[in-house]
Amino acid sequence: MIDVKNLTVYYGSERALDDVSFTIEKNTTCAIIGPSGCGKTTLLYCLAGLLAPLSGNMTVGGQPISGIRLDTALILQDYGLFPWKTVWKNISLGLQVRGLDKAKENQIVESILRELGIEKYKKKYPMELSGGQKQRVAIARSLALKPDLLLMDEPSSALDAITKEHLQNLIVKLYKAHPMTIMMVTHSIEEAVFLGQKIVIMDEGKIKMILDNPHFGDEDLRNKQEFYNICLKVRQYMNSGDQDE
Ligand SMILES: Nc1ncnc2c1ncn2[C@@H]1O[C@H](COP(=O)(O)OP(=O)(O)OP(=O)(O)O)[C@@H](O)[C@H]1O
Ligand SMILES: [Mg+2]
């Protein structure tokens with residue numbers, strides 16, 4: 001689904017990504033983790049077609065990325081909701097833009113509100129919602145368009161520990177109900193291990209390590225020793241090499 005080869009990105013004279021290569025299979029999930037400033041958001045922007053690299057090749061679904069793609073959804077850190085529109089309007093807007101008839105639009109919005117447990121907020125405005133509720137609206141808005149690739153930048157970073165886990169559980173449930181390729185950026189080792197079938201560890205614009213996580217999809221994973229074993233492994237890779245610097 002995603003094939004990235006030798007991707008290099010500069011902002012002015014600063015190199016943000018340095019010869020990054022990886023592939024992500026269709027309908028699998030991938031978590032990107034690494035310290036602040038290592039290039040995670042930059043990589044997501046490139047995949048979303050919002051940023052052109054200096055060099056390298058990127059394809060999504062076999063097609064080279066050349067600008068914004070209709071079936072790719074991007075959820076940014078600040079959710080990107082329209083403050084002057086209600087929850088309902090925020091979710092339905094993309095469907096309207098695509099010319100869906102009103103009945104179909106209502107049906108999709110209703111069912112997605114129900115699935116994400118945000119029906120009772122449908123007439124509210126984003127500023128009347130908590131961070132976790134806003135994040136669910138942002139996900140609802142993306143899923144309404146049935147993307148085959150969902151890109152998320154730190155989906156739970158602004159949330160408290162329990163809301164974070166609820167959102168992570170919700171993402172796994174949604175993924176199981178609607179298989180799609182998911183690529184998410186996170187600062188949290190636990191989140192990466194819970195949500196990533198593949199865990200990409202980045203540092204200073206480069207990929208340090210890619211781990212496969214066979215335990216993805218187990219909703220009870222946090223209560224198991226294997227979860228902590230992989231977390232520890234990720235932590236060790238993230239810290240490896242630091243002493244040389
Ligand atoms: N628009 C920009 N102009 C100039 N430099 C930028 C710009 N955006 C990012 N950078 C620089 O590129 C590097 C990578 O930034 P990026 O936002 O991709 O990091 P990140 O891994 O997402 O960090 P964080 O975890 O803090 O969100 C950083 O050194 C940053 O200062
Ligand atoms: Mg970032």
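The values are calculated or read from the model by the stated rules, or taken from the named source; none is laboratory data. Everything quoted here is computed from the prediction, not taken from an experiment. Note that we place each Cβ from the backbone using ideal geometry, even for glycine, and neighbour counts take in every protein chain shown.
When you look at GLU204, is it over 17 Å from ILE33 (Cβ atoms) and surrounded by fewer than 17 Cβ atoms within 10 Å (Cβ to Cβ), yes or no? So GLU204 fails the test. Within segment 1-50, the set of residues being more than 13 Å from GLY205 (Cβ to Cβ), within 15 Å of the chain's Cα centre (by Cα) and among the basic types (Lys, Arg) comprises LYS26 only.
For segment 14-40, the set of residues classified as surrounded by fewer than 18 Cβ atoms within 10 Å (Cβ to Cβ) and among the β-branched types (Val, Ile, Thr) consists of THR23 only. When residues in segment 141-179 are screened for being away from ligand 2 (no atom under 16 Å from the Cβ), in the same structural domain as THR28 (by TED's automatic domain parsing), surrounded by 18 or more Cβ atoms within 10 Å (Cβ to Cβ) and of a type in the set (S, T, N, Q), 1 of them pass.
Selection of segment 46-91 for residues being surrounded by fewer than 19 Cβ atoms within 10 Å (Cβ to Cβ), within 16 Å of ligand 2 (Cβ to nearest atom) and at negative phi yields LEU50, LEU51, LEU76, GLN77, ASP78.
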